[in-house]
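I have placed the structure first, in the form of structure tokens, so that the comments after it can refer back to it.
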Amino acid sequence: MATVPTTLSDFEGRWRLTRTIRDARAGQVVQAEGEALLQRSEDGLIYTEEVTLSIPGQPPMKGTRKYIWHDGGDRVLIHFDDGRFFHALTLGEQNASDHHDCAPDSYDAVYDFHDWPRWSVQWTVNGPRKSYEMTTDYAAVA
């Protein structure tokens, strides 16, 4: 693999993930651990995530999420599983950022590939009822 991802297929496979959500509004830190599978499809890659969430004062709970990743040349075009566009990830850079507006909320992502194939994404989310930072770290599963 390259020192940074340069093609959509660089992400294909199974990734161990750890996530920390620092929720300023709720005044708590939520942890999650699990796996993400990026599996080839006719339209690109299907991102499927399964995690166990640890929320203070509550029993652990399962969480899932799914996205569709499309090849956009020098970018990965990431869509929600219902087909709506979410954001784009620029390839070939150690750090890539993008913005997603979901009025009245604002989502800013920063991807970090400096230790590829370990990588992370940090989301900063702000809105009338939201104020949190979510960092997810990924490591390839052999």
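Observations, loosely collected:
- When Val125, Val121 are checked against the criterion of being farther than 27 Å from Thr3 by Cα, β-branched (Val, Ile, Thr), open to solvent by less than 80 Å² (accessible area, probe 1.4 Å) and within 16 Å of the chain's Cα centre (by Cα), a single residue qualifies: Val125.
- Hits in segment 70-109 - residues which are touching a residue at least 60 places away in the same chain (Cβ under 8 Å), open to solvent by less than 50 Å² (accessible area, probe 1.4 Å) and either closer than 17 Å to Thr136 by Cα or aliphatic (A, V, I, L, M) (or both): Val76, Leu91
- If the condition is being surrounded by fewer than 19 Cβ atoms within 10 Å (Cβ to Cβ), in a loop (DSSP other than H, G, I, E, B) and touching a residue at least 60 places away in the same chain (Cβ under 8 Å), then segment 5-25 contributes Thr6, Thr7, Ala24, Arg25.
So that you can scan it fast, the table gives a plain yes or no per residue for (1) of a type in the set (A, V, I, L, M); (2) touching a strand residue (DSSP E or B) at 6+ places or on another chain (Cβ under 6 Å):
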{"residue": "Ala26", "(1), (2)": "yes, no"}
{"residue": "Val29", "(1), (2)": "yes, yes"}
{"residue": "Ala32", "(1), (2)": "yes, yes"}
{"residue": "Pro60", "(1), (2)": "no, yes"}
{"residue": "Gly72", "(1), (2)": "no, no"}
{"residue": "Phe85", "(1), (2)": "no, yes"}
{"residue": "Ala96", "(1), (2)": "yes, yes"}
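- Condition check for Asp108: assigned to a loop (DSSP other than H, G, I, E, B) and closer than 26 Å to Arg129 by Cβ: no
- Residue within segment 29-45 that is in a loop (DSSP other than H, G, I, E, B), on the phi < 0 side of the Ramachandran plot and either surrounded by 15 or more Cβ atoms within 10 Å (Cβ to Cβ) or in contact (Cβ under 8 Å) with a residue 40 or more places away in the chain (or both) present: no
- Failed item in (1) in contact (Cβ under 8 Å) with a residue 40 or more places away in the chain; (2) open to solvent by 30 Å² or more (accessible area, probe 1.4 Å); (3) hydrophobic (A, V, I, L, M, F, W, C), with Leu53 passing the rest: (1)
- A residue that is surrounded by 15 or more Cβ atoms within 10 Å (Cβ to Cβ) and either in contact with an Asp or Glu (Cβ under 6 Å, 6 or more places away or on another chain) or not in a strand (DSSP E or B) (or both) cannot be found anywhere in segment 134-141.
The values are calculated or read from the model by the stated rules, or taken from the named source; none is laboratory data. For clarity, every value in this text was computed on a predicted model and none was experimentally measured. Here Cβ is always computed from backbone atoms with ideal geometry, including for glycine, and neighbour counts include all displayed protein chains. What goes into the accessible areas is simple: the full protein's heavy atoms, side chains included, and nothing from ligands, DNA or RNA. Shrake-Rupley method; radii C 1.70, N 1.55, O 1.52, S 1.80 Å.
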